[in-house]
Each structure stands twice: as structure tokens, then as C-alpha cells.
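Accompanying notes for the structure given below.
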Amino acid sequence: MSDSESGYVLLDGRQRSNTFFATEDNTHANVILDDYKDIADVREAIKMQGLETCSLIFGIDYTISNTVQGYKTFQGKNLHSISNDFLNPYQQVICILGETLAPLNVNGVFPAYGFGDSKCKDKTVFELKPGEKCECFSDVLDAYNKVTPTIKLGEPTDFAPLIFTAIEIVKETNEYHILVIVADGQLAYDTPTKTALIEASHYPLSIIVVGVGDGPWGSMKTFDDGLKERQFDNFQFVNFHEVMKDAANPEASFALHALMEIPEQYRYLKQKGLVQ
């Protein structure tokens, strides 16, 4: 079957992945570029689409499964373990994304949230810095280090409250945002998050989920490559340990995978008039 027959296209002579943009009749899909070779390529592509700056939202998973999801990938330790001797996966993600995303952040400050703890459960989120935004990713790291030892982990895992919070921020500011969610495994149930992702696709919002821990990641891959009810593919999943473990430059590999789909997502949003 040819690319045109399958509903997938080649742009700029590059092979495309199986992620999609929905057309108005939802019968075909324009595939998102998913094969940049390094982070410099992605940054250049972002610039070419006119995305010089954007706004960020950051979310951290505080569900109880973090206590067991590091069996294979974190020497059996709680993924939220904090020590002077090592960085846990959440701290690593914060540090790497700080270097990668900070140059894009339009005003230097952004909201950072926790979710899934024993108080919020699957109903709401809490601010890492109550009543304040974080001024940079080092501020996120400081807030994370301060608040994490005080958190009682909860359940179930559900991204919907955080996604709907992000939607409200986008509606209020009328600005393009990237929501980064760092989480440790499968959702307790898919439907609420599916509903939130479909709703989010009506707004200028890109969602990157970074999976830390052992997985499994079946739902994340479904969200990444499926959900054709969305207006466009607004979701990118990155398996943190998988992209880091064999890479010659692990930090660059992770940053590359995290930002891979941003240029094409932003191009679509411009075409639809959702960003200026």
C-alpha cells in the first residue's frame, strides 16, 4: 500500500512515524515528523515554525506505585527517594528538561503541580510552591526536594485533573503551552485521561509524558499513536530509562525524544489559527 493510500504522507523526504494529525473529516492522517537526528535538529525545526518562546506547565506523579516501580530501573528504591548520593529519576528529568526547555519559556516562571497523593487522589492537583509559580527549573528542583519528603503517596493514577488544569490555564492566557507530566506507570483507568486528551486537542496545548520506573506503558503508547477522536496528535510519550540506557549522550537522547513532535504540533496549531 502506498503512503497516500494508507493515509500517511512523506514530508521533506523523511519517513514519518504512525502518529497523526486528524483532518476535518477524520478520514486521513498527516503524520508527525518523528525522526530528527539530534536535539539541534529539533531546536532548528521549532525555530522554523516560529516558536521562539512558549509557556510551560509541569506535573509530578505522587502515587503509591512509586514505591515499587523502581525494582528494575532504580535498584529497587522508591522512585521519589531523595539522597545526597544520587539523583532519583524525577530529579534527573527536572534537571535535563531544565536545560532543554528553559530557553523556550517565555517569561521564566511557570506553574508546577503534584498529583495522585493521598489528599488529591484522582480529583485534583496541588501546587509544588503553594500560591507561587516556579521561576526556573532549579526552582522546581528545590521545591520538589523540599515538599517530597512531606507527601503521603496515594492512588489511583489519573492524568485528567492535571490536563484539565492545564486547559484552564491555556484558556485564561490564550497562549501556547507545553505540559510536561512525569509519571511512574500505567493509569488506573484510561477513560478520564482519554476524555481529557480529546478535550485538550481543541486548544494550543502540547502534552509530553515522561515515564519513569518499570512500566508497563501500554496506555501511554495507545495515547501516543491512537485516539483519533482528537483534533491533532497532542501527546508524546517518552520512556525515560529506555532512551537513556544505551545512548552515547543520554541527556541529549532524552531531550530529543521529549521534543520530537513539538515542531509539527505547533505547525498544525498555526495552520488552524489556534496560535498567532
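In whole Å, how far is the Cα centre of region 202-218 from that of region 120-199?
12 Å
Which residues among region 207-246 fall inside the zone where the amide N is under 12 Å from a point 7 Å beyond the Cα of Q271, along Cα→Cβ?
Answer for region 207-246: 232-233.
Count the net charge of all other residues whose Cβ sits under 14 Å from the Cβ of A188, scoring Lys and Arg as +1 and Asp and Glu as -1.
-3
I need the phi-derived Karplus couplings for region 67-75: 6.51 cos²θ - 1.76 cosθ + 1.60, θ = phi - 60°, integer Hz, Gly and Pro marked x.
Listing the rounded values in order: 6, 10, 7, x, 4, 8, 9, 9, 6 Hz.
Amide H neighbours of I207 under 5 Å, counting only residues 5+ apart in sequence or on other chains, H built in-plane at 1.01 Å?
Distant-sequence amide H within range of I207: L179, F235, Q236.
So if each residue of separation counts as 0.36 nm, and I subtract the Cα-Cα distance between T195 and K146, what length gain in nm does that give?
So the extension gain works out to 14.3 nm.
Per residue of region 257-272, in order, report the coupling 6.51 cos²θ - 1.76 cosθ + 1.60 (Karplus, θ = phi - 60°) as ³J(HN,Hα) in whole Hz, putting x for Gly and Pro.
5, 5, 9, 3, 9, 4, x, 6, 4, 5, 4, 4, 4, 5, 4, 8
Quick one: if the Förster radius is 22 Å, what FRET efficiency do K245 and N84 give, using the C-beta to C-beta distance and rounding to 0.05?
Details: r = 24 Å, r/R0 = 1.10.
The calculated FRET efficiency here is 0.35.
I'd like the Kirkwood hydrodynamic radius of region 39-271, using the inverse of the mean 1/r over distinct C-alpha pairs, in Å.
17.6 Å
Say each of A252 and S118 gets a label point 7 Å from the Cα, pointing the same way as Cα to Cβ; how far apart are those two points in nm?
4.5 nm
Do you know the relative contact order of region 231-276, to the nearest whole percent, from alpha carbon pairs under 8 angstrom that are 6+ apart?
36 percent
Defining a contact as two alpha carbons under 8 Å apart and six or more residues distant in sequence, what relative contact order in percent does region 39-271 show?
Dividing the mean separation by the residue count of region 39-271 yields 23 percent.
Taking the Cβ-Cβ separation of E168 and E52 as r and a Förster radius of 22 Å, what is the calculated FRET efficiency to the nearest 0.05? Before the final figure, lay out each step's value.
Working: r = 25 Å, r/R0 = 1.13.
Efficiency at R0 = 22 Å is approximately 0.30.
Please arrange V109, V210 by counting, for each residue, the other beta carbons lying within 10 Å of its beta carbon, fewest first.
With the sparsest Cβ surroundings first, the list reads V109, V210.
Give, as a single signed number, the net charge of other residues whose beta carbon lies under 11 Å from the beta carbon of G70, with Lys and Arg counted +1 and Asp and Glu -1.
Value of the local net charge: 0.
Report, for region 39-271, the % of DSSP beta bridges that are antiparallel, rounded to 5.
15 percent
Using amide H atoms built 1.01 Å from N in the peptide plane, name the residues 5+ places from Y189, or on other chains, whose amide H lies under 5 Å from its own.
none
Where a number appears in this text, it was derived from the coordinates with a stated rule and is not lab data. On a predicted model such as this, the values are computed, not experimentally measured, just so you know. Methodologically, a virtual Cβ is constructed for each residue, glycine included, from the backbone with ideal geometry; neighbour enumeration extends over all protein chains shown.
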